[in-house]
Every structure is written in C-alpha cells, then in structure tokens.
Amino acid sequence: MNDFFASDERFRVYPPVRSPVDQKHRYFGTRKVEGTPYTIILGIDRADWLADWYRLAWLAVLGWTLIMALGFIALRNYLRLLEGRNVHQQARTDPLTGIANRSYFAALAEREIARAQRTQGWIALLMVDVDRFKTINDTHGHHVGDRALKTFAACCSRVTRAEDVVGRWGGDEFVVLISQDQTAALGLAERLLEVIRAAKILNDQGEPLSLSASIGVACLRADHPLDLDALLHQADLAMLEVKRSGRGRIGTLTDAAVSSSG
C-alpha cells in the first residue's frame, strides 16, 4: 500500500480480503484524487460483485441451451422431411435401376399424352427389350443380369432429354416416351441402340459381355383420342416383330401392322 501511495499510479484493485468492520470478503479499489493528498478506498462485496457474472453466465448457458434445443428440433424435422422424401422417391422409382417404376411412368406418360392432345402435337413411345436376357441370367447368374439391367437404364437416361419420360416397364423391358414425331423417335432409337451396343458388362471372370436390344417404336399425332395402353400395345407389337425377325434392330408400328396383316 505504501508503495502505491508513493507511486504515480492513480487506481489499483486488490484481491478480496476480509473487512475488519463486518467480516465480509470484499474487493477493494483505491484511487488517488489528483492534486490532493487524499485517496478514495472503495470496497465491493465479493458476493454482490460476482452475482452479475453468475447471472450473465447463467443467461449464456440458457441461451446456448435454447439454441441447441432449437437446432436439434430443426435437424430432427429436416431429417424427417428427408425420410419422407426418400419414402416418396422409393415409391416412384425402380429399386434396381433408379429410374421410374411402372406406375410412376404411367402417371407421367398420361400427363404428357394429355399435354400433347391439348397442343395437337406428336407423341412417341419406344419399347426397349434386352436381347437374350434369360441366357445372361442362366449362364452368368442373376447378379450379372442385374448389371445388364442397370446398364440398360443408364443408356436410356443418357440419350434422352430432361423432359422425356424413361421407366422400367417390368422384367427386361424399358419404355421411353417423348413428345416428338416419328423421325425424332427413330433417331432416338438409333442413338440408344448404338449406346447399348457400345456398353459392356463384366462377368465373374472379368470377361466383357456385349449387350443388344430390340426396340419397337409407336408414334401418333395426338389430334384424336389417344391413351397409353394403345401406344404400349402398338410399340410392343413392333418390338415383338423385331425379336421374331432377328433381334438387335428397330421396328416401327407400320412394320408390325404390315407383318400382322400378312
């Protein structure tokens, strides 16, 4: 203390000491009054001084707890939303290939057909069948057959546009619906056939297996009543005629109709 009074310092705080007056622990601060021989000594009860800090600490803890609770609730709701979306997505997609399943493709196709009828536009459907799929399964196993189906789905998605509808109709059959005329549909079928022929899958021995497909194309102008079943039936007739005549090619509705009438 004497050192302080003898120095040029104007303010100093001392650690808490017990007051000789009421025996309470206080923090003492001293300040010289400049220009006078007087020094002011002020004692603050440690409990009172720490009370503000305790209150601030509790408010901070409460605030962080509230933030964490709100964050947890938000995260839980977000995860539930993602789970709901995943369930919804799983109900619409084929679990093996990841493209639209039969029911979801039908719903999307009906919507596109209705739109084409409103605009009096064209609608075309491609029925794509994996050639000799049973042989792949019997010879190399179903897991290799699954690779073939995944590859076919990837090929269909690769050559189509975002507005086209691609789906797995069932087994080894895939369907593609586009709002374009027959020229565009045949061009798409040619590109798809080229991509499928270029694709390779490996058997268990690491040997590459070539793939091929038979594609039936049905195309109609939507200026009269038209439904998905009619398109599917016509494309299926064209595809079956291709398979009967050698596979690995593209058939149209006209080809199938001529063959059937013959």
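The values are calculated or read from the model by the stated rules, or taken from the named source; none is laboratory data. The structure presented is a predicted model; accordingly, all values stated were derived computationally and were not measured. Note: ideal-geometry Cβ built from the backbone for every residue, glycine included; neighbour counts use all protein chains shown. Note: areas computed on protein heavy atoms with side chains; ligands, DNA, RNA excluded. Shrake-Rupley method; radii C 1.70, N 1.55, O 1.52, S 1.80 Å.
Pairs, please: C-beta under 7 Å, at least 6 apart or cross-chain, first residue over 20 Å from V165 (Cβ atoms) and in the range 223-247, second part of a helix (DSSP H, G or I) and acidic (D, E)?
Close Cβ pairs (under 7 Å, with a partner that is part of a helix (DSSP H, G or I) and acidic (D, E)) amount to E241/D255.
Name every residue in the range 228-238 that is in contact with a helix residue (DSSP H, G or I) (Cβ under 7 Å, 6 or more places away or on another chain) and over 16 Å from R102 (Cβ atoms), in order of residue number.
Correct list: Q234, L237, A238.
Here are some residues: D129, D146. Which one is more than 21 Å from H224 (Cα to Cα) and open to solvent by 30 Å² or more (accessible area, probe 1.4 Å)? Spell out the reasoning first.
Details: D129 fails: open to solvent by 30 Å² or more (accessible area, probe 1.4 Å).
None of the other options fit; the residue is D146.
Just to be sure I understand, how many residues within the range 171-199 are closer than 18 Å to T97 by Cβ, open to solvent by 30 Å² or more (accessible area, probe 1.4 Å), touching a residue at least 40 places away in the same chain (Cβ under 8 Å) and not in a helix (DSSP H, G or I)?
Residues flagged as closer than 18 Å to T97 by Cβ, open to solvent by 30 Å² or more (accessible area, probe 1.4 Å), touching a residue at least 40 places away in the same chain (Cβ under 8 Å) and not in a helix (DSSP H, G or I) within the range 171-199 amount to 2.
Filter the range 207-231 down to residues that are part of a loop (DSSP other than H, G, I, E, B), of a type outside the set (A, V, I, L, M, F, W, C) and either farther than 26 Å from T139 by Cβ or at pLDDT below 90 (or both), then give me how many there are.
Residues flagged as part of a loop (DSSP other than H, G, I, E, B), of a type outside the set (A, V, I, L, M, F, W, C) and either farther than 26 Å from T139 by Cβ or at pLDDT below 90 (or both) within the range 207-231 amount to 4.
Has the range 78-93 got at least one residue that is open to solvent by less than 50 Å² (accessible area, probe 1.4 Å), outside any helix (DSSP H, G or I) and either of a type outside the set (A, V, I, L, M) or at pLDDT 70 or above (or both)? Talk me through it step by step, then tell me what you get.
Let us first name the residues in the range 78-93 that are open to solvent by less than 50 Å² (accessible area, probe 1.4 Å), namely 84, 93.
Still in the running and outside any helix (DSSP H, G or I): 93.
Now drop any that are not either of a type outside the set (A, V, I, L, M) or at pLDDT 70 or above (or both), which leaves 93.
Yes, the range 78-93 has at least one match.
Could you check the range 100-145 and list, in sequence order, the residues that are part of a helix (DSSP H, G or I) and basic (K, R)?
R102, R111, R115, R118, K134
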